[in-house]
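Trainee: Dropping a structure here in structure tokens format, bear with me for questions.
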Amino acid sequence: MAPVLLIEGLSKRYGSITVADAVGFQVARGECLGVIGPNGAGKTSVFNLIDGTVSPDGGRILLDGMDVTRRPKHLRARLGMARAYQVPQPFPDLSAFENVLVATTFGAGLSASDAKAVARETLRLTGLWDKREVMAGSLPLLDRKRLELGRALASQPKLLLLDEIAGGLTQMEVVELVALIRSIKPTVAMVWIEHVTHALSAVADRLVAMNFGRVIAEGEPQEVMNSPSVQEVYLGTVLDAPAAD
Amino acid sequence: MTALRISRKASRLRAPSPKLVLAGCGIAALILAAAPLALDVGDLRLIIEILTVFAFAQTWNLLAGYAGLMSFGQHLFIGLGAYCLFVISNRTGANPFYLLPVAFLFSAGAAALISPMVFRLRHAYFAIGVWVLAEVARLYVSQEDWLGSTSGMALVATRDMDHTWVALANYWVAVALGVVCTAGFYLLLTSRLGLALVAVRDNESAAAASGIDVWWTRFYGFAIASGVCGLAGAAYYMSVFHLEPGAAFDANWVVVMLFIVIIGGVGTIEGPILGTAIYFLLRGWLAGTGNLYLMLLGAAAVATMLISPKGIWGAVRRRYGIEIFSARRLAD
């Protein structure tokens with residue numbers, strides 16, 4: 001099957017600092033690609049390049065076979081990219097329902113009544129139904145994280161970019177989150193940056209490890225985690241044991 | 001504990017249905033439209049001024065409170081709208097009332113033309129950038145004889161018309177403008193564009209990530225608000241029959257818009273209604289106090305900002321949980 005996302009030779013430099021150095025990988029529908037790497041490895045920078053927040057110096061981004069490298073961010077969103085940010089990015093003066101409604105109306109491009117119906121469904125799915133009329137700015141962190149994921153899902157994406165959405169959650173919440181992600185997985189292609197590695201290994205089919213803006217290993221999760229280059233980067237960090245948090 | 005109670009109240013705002021709101025607007029408009037039966041010409045003139053100033057303020061509120069665009073140069077469009085109407089009418093002899101849509105299109109078109117330039121500026125730079133353009137327009141008009149230079153021009157076409165009829169027509173134009181700036185803006189805010197505007201205002205990056213074209217959304221907001229502002233400017237100066245650059249392109253217009261929106265409550269339709277009432281009451285009471293009047297207005301605005309940043313209506317809404325023009329989209 002043709003990949004939903006294919007990136008090739010993606011590069012970005014700020015002066016002498018290289019945040020992405022010929023990064024390339026692909027993800028197919030129903031597949032989850034995990035991205036690991038130490039802080040500052042360039043994981044979020046690659047997301048910024050993929051979703052159009054930053055334009056690359058070189059390389060190509062293909063979404064469903066279409067070259068979107070020079071397309072603006074909002075068009076990529078309409079073409080089926082959605083991203084849940086590491087730091088939730090709600091519309092603070094809109095209610096939780098309206099936040100999700102923005103995504104169903106513009107991202108998914110649904111008609112008014114369908115947009116409302118899908119928004120309601122999304123709030124139930126993400127456990128925010130009881131807080132549907134609460135302003136997003138006054139939601140606690142966990143709910144804002146749920147809303148972030150909900151907004152991304154509500155745009156009915158082909159490609160879902162998840163940026164450390166499990167960070168800061170309790171063990172129970174991570175279990176719930178993993179169950180939710182697994183239920184969505186068959187319908188989308190997913191790229192998931194995560195430090196909570198046990199959450200990632202529960203869902204990811206493949207892993208990409210990054211350091212200094214470069215892909216240093218790619219393949220089966222166990223294989224990548226055990227590879228010498230990854231072990232070297234994480235020296236002192238036990239990756240394959242269940243995390244204590 | 002108190003805070004908790006308030007926030008729970010605020011999350012359950014009571015708001016009448018859109019049909020009821022529009023019906024209310026219709027009744028208010030009919031009452032206003034029939035008011036000339038009971039009022040004399042002086043009263044009508046005051047109501048025209050109140051309604052047009054309200055329209056100025058409401059367009060500024062649409063920009064600042066909903067489109068997230070703070071502009072200190074909206075008097076540019078008051079002047080452009082008014083000059084457009086005066087110049088075309090005087091040159092062609094056309095009935096100025098028919099030229100009102102042209103004034104709207106001219107001002108909206110001017111806003112559209114300057115957008116590529118001023119949208120490169122953000123926040124304070126944008127606010128001042130438009131202001132600079134307003135100054136440029138004032139200086140240009142002041143030097144051009146065909147635009148009447150500094151002494152301005154009078155509206156010729158209405159001189160030969162029946163004066164009572166002209167006074168009434170001006171009045172009804174102002175009432176229509178009031179309706180556009182309440183019911184019209186209310187409908188705009190409940191539309192798709194309204195949702196896009198508030199999303200862009202709240203979080204530009206997240207709006208783009210949700211598929212909203214940020215630039216064009218702002219563009220429509222700016223063009224509509226500036227077009228209506230120019231329309232109101234044309235209507236205002238048509239009712240006073242005389243126009244000069246120092247008055248039409250006067251930055252004090254923006255001061256009045258700011259005062260009304262801040263006092264009443266930015267980002268609500270009700271705010272400028274309340275703010276306009278307060279502004280004209282204060283102006284009436286403080287008439288004849290000279291410069292002290294401006295200082296008192298300033299003090300009132302500062303006090304409101306410190307006590308209730310969302311204005312008087314913002315405080316009322318939070319305290320009592322009531323809303324009349326609610327563009328909020330409810331889940332059920």
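The values are calculated or read from the model by the stated rules, or taken from the named source; none is laboratory data. This is a predicted model, so every value here is computed, not measured. Here the Cβ positions follow ideal geometry from the backbone for every residue, glycine too, while neighbour counts run over all protein chains shown.
Trainee: Kindly establish whether A:Met66 is closer than 23 Å to A:Val19 by Cα and more than 8 Å from every other protein chain (Cβ to nearest Cβ).
Mentor: No: the conditions fail for A:Met66.
Trainee: Could you run through the stretch A:53-63 and say how many residues are more than 14 Å from chain B (Cβ to nearest Cβ) and within 17 Å of A:Lys158 (Cα to Cα)? If you could, list the steps in order and put the result at the bottom.
Mentor: Looking only at the stretch A:53-63, we keep the residues that are more than 14 Å from chain B (Cβ to nearest Cβ), and these are A:56-62.
From what is left, the residues that are within 17 Å of A:Lys158 (Cα to Cα) are A:61-62.
Residues meeting the conditions: 2.
Trainee: Identify the residue in the stretch A:1-60 that is among the hydroxyl-bearing types (Ser, Thr, Tyr) and within 18 Å of A:Leu160 (Cα to Cα) and, among all such residues, is farthest from the chain's Cα centre (by Cα). I'd like the intermediate steps shown before the answer.
Mentor: Step one: filter the stretch A:1-60 for residues among the hydroxyl-bearing types (Ser, Thr, Tyr), giving A:11, A:14, A:16, A:18, A:44-45, A:53, A:55.
In the following step, the residues that additionally are within 18 Å of A:Leu160 (Cα to Cα) were identified as A:44-45, A:53.
On the way: A:Thr44: 9, A:Ser45: 12, A:Thr53: 14 Å.
Going through the qualifying residues, I end up with A:Thr53.
Residue-by-condition table, conditions (1) modelled with pLDDT under 95; (2) farther than 30 Å from A:Thr53 by Cα:
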| site | (1), (2) |
| --- | --- |
| B:Val156 | yes, yes |
| B:His163 | yes, yes |
| B:Ala199 | no, no |
| B:Val214 | no, no |
| B:Phe222 | no, no |
| B:Gly230 | no, yes |
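Trainee: Given B:Ala327, B:Ala331, which one is in contact with a Lys or Arg (Cβ under 9 Å, 6 or more places away or on another chain), within 14 Å of another protein chain (Cβ to nearest Cβ), among the hydrophobic types (A, V, I, L, M, F, W, C) and closer than 30 Å to A:Asp114 by Cβ?
Mentor: B:Ala331 is the lone residue from the list that is in contact with a Lys or Arg (Cβ under 9 Å, 6 or more places away or on another chain), within 14 Å of another protein chain (Cβ to nearest Cβ), among the hydrophobic types (A, V, I, L, M, F, W, C) and closer than 30 Å to A:Asp114 by Cβ.
Trainee: Can you list the helices (runs of 4 or more DSSP H) lying wholly within the stretch B:178-269 that have 1 or more residues being hydrophobic (A, V, I, L, M, F, W, C) and within 14 Å of chain A (Cβ to nearest Cβ)?
Mentor: B:185-190, B:192-202, B:204-209, B:214-240
Trainee: Next question. Give me the residue from the stretch B:232-274 that is surrounded by 24 or more Cβ atoms within 10 Å (Cβ to Cβ) and among the small types (Gly, Ala, Ser) and, out of that set, nearest to B:Leu168 (Cα to Cα).
Mentor: That would be B:Ala235.
Trainee: When residues of the stretch B:110-134 are filtered for being buried (at least 18 other Cβ atoms within 10 Å of the Cβ) and more than 24 Å from B:Cys84 (Cα to Cα), how many remain?
Mentor: Final tally of qualifying residues: 1.
Trainee: Among the residues of the stretch B:317-332, which ones are within 22 Å of the chain's Cα centre (by Cα) and part of a helix (DSSP H, G or I)?
Mentor: B:Arg317
Trainee: Output the residues belonging to the stretch A:108-124 that are part of a helix (DSSP H, G or I) and either surrounded by fewer than 24 Cβ atoms within 10 Å (Cβ to Cβ) or under 21 Å from the mean Cα position of the chain (by Cα) (or both).
Mentor: Matches in the stretch A:108-124: A:Ala112, A:Ser113, A:Asp114, A:Lys116, A:Ala117, A:Val118, A:Ala119, A:Arg120, A:Glu121, A:Thr122, A:Leu123, A:Arg124.
Trainee: Same structure, new question: Can you name the residue in the stretch A:83-93 that is at the interface with chain B (Cβ under 9 Å from one of its Cβ atoms) and in contact with a Gly (Cβ under 9 Å, 6 or more places away or on another chain) and is also surrounded by the fewest Cβ atoms within 10 Å (Cβ to Cβ) among such residues?
Mentor: A:Pro92
Trainee: Continuing with this model, one more query. Kindly indicate whether any position in the stretch B:135-157 is within 20 Å of the chain's Cα centre (by Cα) and surrounded by fewer than 16 Cβ atoms within 10 Å (Cβ to Cβ).
Mentor: yes
Trainee: Working carefully through the options A:Gly30, A:Gly42, A:Gly34, A:Gly80, find the one that is in contact (Cβ under 8 Å) with a residue 24 or more places away in the chain, in contact with a Pro (Cβ under 8 Å, 6 or more places away or on another chain), crowded, with 20+ Cβ neighbours inside 10 Å and away from chain B (no Cβ under 14 Å).
Mentor: Only one candidate passes the filter, namely A:Gly34.
Trainee: Hey, another quick one. Give the residues of the stretch B:1-37 that are assigned to a helix (DSSP H, G or I), at pLDDT below 90, surrounded by fewer than 15 Cβ atoms within 10 Å (Cβ to Cβ) and among the small types (Gly, Ala, Ser), sorted by residue number.
Mentor: B:Ala3, B:Ser7
Trainee: Right, next: Scan the stretch B:15-30 for residues that are of a type in the set (A, V, I, L, M, F, W, C) and within 15 Å of B:Leu189 (Cβ to Cβ) and jot them down.
Mentor: Step one: filter the stretch B:15-30 for residues of a type in the set (A, V, I, L, M, F, W, C), giving B:15, B:20-23, B:25, B:27-30.
Hits for the stretch B:15-30 are B:Ala15, B:Val21, B:Leu22, B:Cys25.
Results for (1) among the β-branched types (Val, Ile, Thr); (2) more than 8 Å from chain B (Cβ to nearest Cβ), shown as yes or no for each residue.
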| position | (1), (2) |
| --- | --- |
| A:Ser95 | no, no |
| A:Val118 | yes, yes |
| A:Lys131 | no, yes |
| A:Pro157 | no, yes |
| A:Gly167 | no, yes |
| A:Thr170 | yes, yes |
| A:Ile184 | yes, yes |
| A:Ile193 | yes, yes |
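Trainee: May I pose another question? Can you tell which of A:Thr105, A:Thr69 is free of Cβ contacts under 8 Å to residues at least 24 places away in the same chain and not assigned by TED's automatic domain parsing to the domain that holds A:Val19?
Mentor: A:Thr105
Trainee: Kindly state which helices (runs of 4 or more DSSP H) lie completely within the stretch A:1-107 and contain at least 3 residues that are basic (Lys, Arg).
Mentor: Per the criteria, A:73-78.
Trainee: Would you check which residues across the stretch A:133-148 are assigned to a helix (DSSP H, G or I) and within 11 Å of chain B (Cβ to nearest Cβ) and list them?
Mentor: Answer for the stretch A:133-148, where residues must be assigned to a helix (DSSP H, G or I) and within 11 Å of chain B (Cβ to nearest Cβ): A:Ala136, A:Gly137, A:Ser138, A:Leu147, A:Glu148.
Trainee: Here are the criteria: (1) aliphatic (A, V, I, L, M); (2) assigned to a loop (DSSP other than H, G, I, E, B); (3) crowded, with 17+ Cβ neighbours inside 10 Å. Tell me which single one B:Ala287 does not satisfy.
Mentor: (3)
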